Every structure is written in C-alpha cells, then in structure tokens.
1. Count, please, the residues in the range 34-58 that happen to be over 30 Å from Gly79 (Cα atoms), touching a residue at least 40 places away in the same chain (Cβ under 8 Å) and assigned to a loop (DSSP other than H, G, I, E, B).
2. Against the definition (of a type in the set (A, V, I, L, M, F, W, C), surrounded by 13 or more Cβ atoms within 10 Å (Cβ to Cβ) and under 20 Å from Gln90 (Cβ atoms)), how does Phe118 come out, yes or no?
3. Can you work out which of the residues in the range 70-95 that are at pLDDT 95 or above and among the polar types (S, T, N, Q) is surrounded by the fewest Cβ atoms within 10 Å (Cβ to Cβ)?
4. For the range 24-42, which positions are more than 18 Å from Val99 (Cα to Cα) and at pLDDT below 80?
5. Based on what the data block shows, is Arg179 surrounded by 12 or more Cβ atoms within 10 Å (Cβ to Cβ), touching an Asp or Glu at 6+ places or on another chain (Cβ under 9 Å) and either among the aromatic types (Phe, Trp, Tyr) or at pLDDT 95 or above (or both)?
6. State the number of residues belonging to the range 182-222 that are modelled with pLDDT of 60 or more, touching an Asp or Glu at 6+ places or on another chain (Cβ under 8 Å) and charged (D, E, K, R).
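The values are calculated or read from the model by the stated rules, or taken from the named source; none is laboratory data. Owing to the predicted nature of the structure, the values given are computational and were not obtained by experimental measurement. Note that each Cβ is placed from the backbone with ideal geometry, even for glycine, and that neighbours are counted across all protein chains shown.
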Amino acid sequence: MIRRTAWILALTMALAVPAFAQAPRIEVTANFGWVFSDGVTGDGIIAGDGNVYNEILLTDSGTFAVTFGVLATEGAEIGFQFSRQFSELQVKGTATSTVGSMAVDGYHGYFAYNFGAFDSPLRPYVMLGLGATHYDGVDFTSSLGEQRSTPGGTQFSTTLGAGVKVYPAANFGVKLGARWTPTFIKSDAAGWWCDPWYGCYVVGDAQYSNQFEFVGGLVLRF
C-alpha cells in the first residue's frame, strides 16, 4: 500500500512539473489609474506675495506603470516595476499656490505572491517592493516675475500592493489593484532622549510623502 501510494505521488509530480514548466512564466503588465498624494510640512516661509507657506505637496493625478515579472514557482513572482505620476507641485499655508508641473517616477524591484492555481481564471495577489522615487525639477515664474527652477531629487521608498488578476484566456488577463508608496523625505528634530548608559541624543521625527494608487491594467503572459 505504501509503495503504491508513493508511486502515485511520484507519477503525479512527474506529470505536474512538465506542465508548469511548459506554462507561461513571464508576465508583462501595463497599468493605468489614479493616485492620491500628500506632502510634508516645515517651518513657515514668507514668500514674495506676502503669504506664509509651511507645506509642500503633490496634487492628485493620473498615473501609469509597466511591470515585468517572472514566476519562480506557481505562486511566487519576482519582478521590476516602473511607474510615472503626472502631478503638480504646490505650496500651502495662508494661501495655496501651484508652482508647476512635476513628474514623479518610481523604480521598484518587487516580490509578489499569486494565490490559486496557475491556470485559475481568477488569482488574488499581494506584493512588496523596495526601490526609489524620483521627483523631477520644476521650472516656474516667481511672484516677482523671475524665471526660477527647483532641483529634482531621488529618495528611498517602499511599495505595498494587493489586487486581483482575471484571465479570460491563457495568455491574456486584466489586473485590478491598489498600491501604497511611502517615500522618506526628511527627518525633523523632535526633542531629546536620555539613557543612563548611552547618554542623551536628539530624536528625529521622520516625514514621508505618500502615494495611494488605484489602477487597472492588461496582463500578457509568455
């Protein structure tokens, strides 16, 4: 009985492994959607227009992303995602002023897990990514009529997402998902912390710019 059971299991695995090996292992996705953004605060600055501004933020905007993933197993996926947000840079305080258009690019390597069998028509997924967010520089005209620009910058960021993939055909699918990308911007001094062993040191209050994204996309499997 034991030998027969072992033989059946071995035969099942022998048939299953080639089937998965012959199945599409690469997924390329194009996503389009909308992203809700926020910014960071700081000390108030009196501008040339007489207003005091103490917050820098990005406007909500459209976004797109391209994802390239490889299925290492039936569920585990490793890949890279590039995203772009078409936003505007604003300053806020006693008034709100739009500085100019700003593109925000995301570069993240990621690990995702797809639930269900490979040939299932519906597969929920979760993903975690690490990488960087790049903010383009902005050219603008000051309140005094001067042509000025802000420098661009790149900051470390993580990204977390979840959603579902629907496959009406073996090599084609539709993806619906949500993603949160917090990007570290700066750290403000929040006070002192004293320890009898290590002495006293300044405690920082980290500030992040957050993007909350809702997208739909097309999936091609090869």
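1. 4
2. No, not satisfied.
3. Here the answer is Gln81.
4. Residue satisfying the conditions is Pro24 alone.
5. yes
6. 1
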